[in-house]
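First up is the structure itself, then whatever we jot down about it.
The values are calculated or read from the model by the stated rules, or taken from the named source; none is laboratory data. Everything numeric here is computed off the predicted structure, so don't read it as measured data. As a convention, Cβ positions derive from the backbone with ideal geometry for all residues, glycine included, and neighbour counts pool all protein chains shown. The area values use the complete protein model at the heavy-atom level, side chains included, leaving out ligands, DNA and RNA. Shrake-Rupley method; radii C 1.70, N 1.55, O 1.52, S 1.80 Å.
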Amino acid sequence: MLKKSFKDKIIFENLFLDLDNSFSLYGKNGSGKTTLFEILSGEDIDFTGEIIDNYKTPEDYGYFLQFTESGFLTEKVIDEILFSNADRDKFLGMIHMFKLDEFIDKNPYSLSKSTQKLITLFITLSEEKKIYILDEPDSGLSVNNQIILARLLRDLSRKKQILIISHSKLFLKLLDFDVLHFEDKSIHKKCIEKFLHDNCQTEELVYLNKFYL
């Protein structure tokens, strides 16, 4: 069982975490979602318990963390992949999927924050990894782009494992992963249908059920 605390404050406890499938993380700010990602990434080693993890080397992991879009190194979007292990064809395929072809030769810093975020995410997903840890990749995206991104990640999850934080119930529904719900210092694992039933009013469920992949 995994436990994390800061001094006398318990962040979460009694968590059994087996990295054998894809899942979403949901909870209020400060509930421990990003802390768990920091533990998985090896950034935070101050915890008790054990993570059952078949992936033992940093090279097996691909990370997309918040605010990483500020780290561009070149003056053209297409040149950014030169400083990573990204597959060019996969990267360009994602660019085309989101209809961003016109920006390929633009300076990334001239683009909107949401587009910068997508570019950074595409680089991460274009690298050959076994597991992808994604912190709010849907934040700031339009509903249409959330749908496209959810479809992309669902397809990818057939071959890879994805762990993802999101505050959007719509995005979680579209992903259709099991949900780890961070609540009251505990983490409850639920299928997406159970999660939505327990956390949505009738009107919200009616709205969410209009969207599907």
- Task: Quick one: in region 79-93, of everything that is at pLDDT 95 or above and of a type in the set (A, V, I, L, M, F, W, C), which residue is most open to solvent (accessible area, probe 1.4 Å)?
- Result: Leu92
- Message: Of the conditions (1) at pLDDT 95 or above; (2) surrounded by 15 or more Cβ atoms within 10 Å (Cβ to Cβ), His96 satisfies every one except a single condition; which number is it?
- Response: (2)
- Task: Please indicate, with yes or no, whether at least one residue in region 12-21 is in a strand (DSSP E or B) and either open to solvent by 80 Å² or more (accessible area, probe 1.4 Å) or modelled with pLDDT of 80 or more (or both).
- Result: yes
- Note on the structure: Among residues of region 161-174 being over 23 Å from Gly30 (Cβ atoms) and either of a type in the set (Phe, Trp, Tyr) or under 13 Å from the mean Cα position of the chain (by Cα) (or both), the residue most open to solvent (accessible area, probe 1.4 Å) is Gln161
- Message: Whether any residue in region 48-60 is of a type in the set (Asp, Glu) and at pLDDT 90 or above is what I want to check.
- Response: no
- Message: Would you confirm, using the coordinates I've provided, whether Lys117 is open to solvent by 10 Å² or more (accessible area, probe 1.4 Å), among the basic types (Lys, Arg) and in contact with a Leu (Cβ under 9 Å, 6 or more places away or on another chain)?
- Response: yes
- Task: Look at Glu203 and say whether it is over 21 Å from Gly140 (Cα atoms), open to solvent by 70 Å² or more (accessible area, probe 1.4 Å), without any contact (Cβ under 8 Å) to a residue 24 or more places away in the chain and among the charged types (D, E, K, R).
- Result: yes
- Message: Among the residues of region 190-200, what is the count of those that are assigned to a helix (DSSP H, G or I) and open to solvent by less than 60 Å² (accessible area, probe 1.4 Å)?
- Response: 4
- Task: Take Ile187 and decide whether it is at pLDDT below 90, buried (at least 19 other Cβ atoms within 10 Å of the Cβ), among the β-branched types (Val, Ile, Thr) and more than 24 Å from Glu80 (Cα to Cα).
- Result: yes
